[in-house]
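Inspection log for the structure reproduced underneath, given as C-alpha cells.
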Amino acid sequence: MSQELVLSELPAIHGAMAEFDTPEELLAACERARAAGYRRMDAYAPMPVAGLAETIGYKRNKVAFCVLIGGICGAMFGFGLLEWMTVVAYPHNVGGRPLNSWPAYIPITFETMILFASLTALFSMLAMNGLPKPYHPVFNVPAFDRASIDKFFLCIESSDPNFRIEDTLQFLRDTGAREVTVVPA
C-alpha cells in the first residue's frame with residue numbers, strides 16, 4: 001500500500017534534457033543517442049544545424065501531398081464552377097462562341113488552385129505539427145530560455161521504449177553535456 005502511494009506521488013516526467021555549447025556537440029550526442037537505440041527525441045537549436053533532422057530520425061511528413069491534393073481540388077472546383085455558371089446557370093451566347101469557352105477559365109482555375117493549395121498547406125501544417133501548442137514541457141527547464149539565443153539542447157522523451165530515468169541521465173552525461181536535467185511534464 002505504501003509503495004503505491006509513493007509511486008503516485010512521483011511527478012510525471014516528460015524526459016531528460018542535455019545542454020550543449022556547440023552544434024557539433026549536439027550532432028555528436030544525437031548520433032550517439034540514435035546508435036544507442038533512442039528513437040523518441042527532439043533537438044533544439046537557436047539556428048539551423050545542417051544534418052540535425054536526419055540525425056534524430058526526422059521523417060518527411062505528408063504536407064506536400066496534402067497541398068497537391070488541395071491544389072487539384074481547387075483547380076477542379078474553379079473549372080467546374082465556371083463551367084456550371086457559363087453552361088448551366090447563366091448561358092449567354094456572345095458572338096456565336098461556344099458556351100463552354102475553356103481558355104477564358106484559365107485565370108480563375110489557376111487562382112482557385114493557388115487558394116485551395118495555400119489554405120491546405122496552412123491547415124495541414126498546423127494539424128500535423130500539433131499546433132497551436134502554447135505550452136510544452138521543455139519550457140519547465142529554466143536553462144531552456146537559452147535555446148533561442150546560444151545553447152543547444154537534446155531531449156530524450158520518456159515515451160521512448162529505451163527510456164530508464166537513471167540510465168538515460170547517465171547516458172546524456174556521458175555524451176559530454178554541459179548540464180543534464182529531468183524535464184517534468
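For the chain, hydrophobic long helices are taken as DSSP H runs at least 20 Å long by C-alpha position along their axis with mean Kyte-Doolittle hydropathy of 1.0 or more; these are 63-83, 106-128.
Rg/Rh, computed from the Cα trace of the stretch 63-128 with Rh as the Kirkwood radius, has the value 1.16. Averaged over residues, the count of other Cβ atoms within 10 Å places the peptides 89-100, 161-172 in the sequence 161-172, 89-100, highest first. Which whole-angstrom value gives the distance between the alpha carbon centres of the stretch 29-87 and the stretch 112-149? Spelled out, the Cα-based centre of one part sits 12 Å from the other. By the Kirkwood approach, averaging reciprocal distances over each pair of separate Cα atoms, the chain gets a hydrodynamic radius of 20.5 Å. Here the peptides 52-58, 129-135 are ranked by packing, the mean other Cβ count within 10 Å, and the order with the highest first is 52-58, 129-135.
A short reminder: the numbers here are calculations on the coordinates, not readings from a lab. Everything numeric in this text was worked out from a predicted model, so none of it was measured. Glycine gets a Cβ as well: all are built from the backbone with ideal geometry, and neighbour counts include every protein chain shown.
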